[in-house]
1. Ordered by packing density, taken as the mean number of other Cβ atoms within 10 Å over each peptide's residues, highest first, how do 198-208, 332-342 rank?
2. Quick one: what are the phi-derived ³J(HN,Hα) couplings along the stretch 48-62, Karplus 6.51/-1.76/1.60 with θ = phi - 60°, whole Hz, x for glycine and proline?
3. Explain nothing, just the number: dipole magnitude of the stretch 61-302 about its Cα centre with +1 on each Lys and Arg Cβ and -1 on each Asp and Glu Cβ, in debye rounded to the nearest 20.
4. Which distance in nm do the two modelled labels at S16 and S424 give, with both placed 7 Å along the Cα-to-Cβ direction?
5. Looking at the square roots a ≥ b ≥ c of the eigenvalues of the Cα gyration tensor of the chain, which shape do they give, rounded for a/c under 1.5, prolate if a/b is larger than b/c, or oblate?
6. Local charge sum around L101 (other residues, Cβ-Cβ under 12 Å, Lys/Arg +1, Asp/Glu -1)?
7. Give me a comma-separated list of calculated 3J(HN,Hα) values for the stretch 317-330, in order, Karplus coefficients 6.51, -1.76, 1.60 applied at θ = phi - 60°, integers in Hz, x for any Gly or Pro.
8. Which of K185/K257; K257/K319; K331/K372; K257/K279 have a Cα-Cα distance over 18 Å?
Amino acid sequence: MNLTNADSGQLQQWQSELTSRYQDIKAKGLNLDLTRGKPSSEQLQLSDALDGILGSEYTSPSGVDVRNYGGLDGLLEARKLGSQFLDMPAENIIAGGNSSLTLMHQTMAIAHQFGLNGSDSAWNKSADVSFICPVPGYDRHYGVCQHLGIKMITVPMDANGPDMDAVESLVAQDKSIRGMWCVPKYSNPTGVIYSDDVVKRIAQLGKTAHPDFRVFWDNAYAIHDLVEQPKTLANIYEACVAAGTEDSVLQFASTSKVTFAGSGVAFVGASANNLKGIKQSLGFITIGPDKVNQLRHVKFFAEPESLTKHMQKHAGIIKPRFECVLKQLDKAFGDNDLGSWESPEGGYFISFDTRPGLAKEVVRLAGEAGVKLTPAGATFPYGNDPEDCNIRIAPTVPTVEQVEQAMDVFVVCVQLASINQQLSA
Ligand code: PMP
């Protein structure tokens, strides 16, 4: 279906065919949902052995009674588990509670209000504080900035990561910038892995940026590969150490999409200076994390390679869903300009760009036909996608058959919205 070269007679014919297909779909009364970036029950079941795994043995290998208070850094063995996610030494890692989002919010709030490097470094010493947000991106990152009153400045994402020319020029010119959000591997939602060059350039930012500039490196999908030979992400911390900018990066990850999404272990990894700054405030927030759950995770992943094998089981469950989405997109839009997307090799999302001005309309049409999609705009700060083109597809929860059905509807909605727009141009 190539709209650009089609005459109005052809367009009208397609419009009437698609309208009647759309009405037929509506009549089916479907109730499908592609909004939720969370594990399916089948995936959660992979970790059911966590329950009861301690068998009344509450002492950690290093001799800590995990039932008690204390241990702000988390169990040593849990921090070692964090090393497998963050690819940095356990001594640079704090293992916390169940959510990396909490750690990110707390770290940002600490940097803003108290400073990570003494009280003079608090971001709120300046009237204007802003953050670079690659778009499309993760709505909860934007929520954290908004909650803390931090202004957001967008830069576009491409197949290699954020547009680094734009990032570098912003950082050089705008002294209100105190940091940048990054989801470097299987980014939410575009699914790209930052290239080696992008990682290197991000590590260099600390040389020219404000001294309190911090990259929030949210490696939420660090080990969530769908392919057997995944591309590797360059090590940001090593690149920063080489550039002499190790204080400019804070890494985050969690087991949320590995074991139980609501009952996992989260990690923050950073330089000794940054960890000191975080812990000074963290000590007022908690006496220590849930070490019982940390020990459960340590035991669950005690065998060598067990984490990798576990993630392969996840991949076995969700890969067919991703393949189904990508197959349908390719079939419907592979030879025309009605939409564009990346084909992720991991993570939880597929991001689709319609022609400009159509995302809201596609989401509306799909919703009325019984297929719930993430609201258009959610992948941009303040919910504002200036081109109104980005839609995030999350295929992990529905069954393969449901994904297939939902994508049939999605394709018809994109085609119909595009033709309606072309005819009214
Ligand atoms: N970061 C990203 C990029 C995510 O996509 C998600 C979950 N959707 C999170 C963080 C949330 O992680 P957690 O469960 O550890 O808070």
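The values are calculated or read from the model by the stated rules, or taken from the named source; none is laboratory data. This structure is a prediction, so every number in the text was calculated from the model and none was measured. All Cβ positions, glycine included, derive from the backbone under ideal geometry; neighbour counts span all protein chains shown. Just so you know, the surface numbers come from the protein's heavy atoms only, side chains and all, with ligands and any DNA or RNA stripped out. Shrake-Rupley method; radii C 1.70, N 1.55, O 1.52, S 1.80 Å.
1. 198-208, 332-342
2. 3J(HN,Hα) across the stretch 48-62, in whole Hz: 4, 5, 4, 6, x, 5, 6, x, 6, 9, 9, 9, 6, x, 8.
3. 620
4. Those two pseudo-labels are separated by 2.1 nm.
5. It is oblate, given that a/c is not under 1.5 and a/b is not larger than b/c.
6. That sum, taken over residues with Cβ under 12 Å, equals -1.
7. 7, 8, 4, x, 5, 4, 4, 5, 4, 5, 4, 5, 5, 5
8. Listed pairs above 18 Å: K331/K372; K257/K279.
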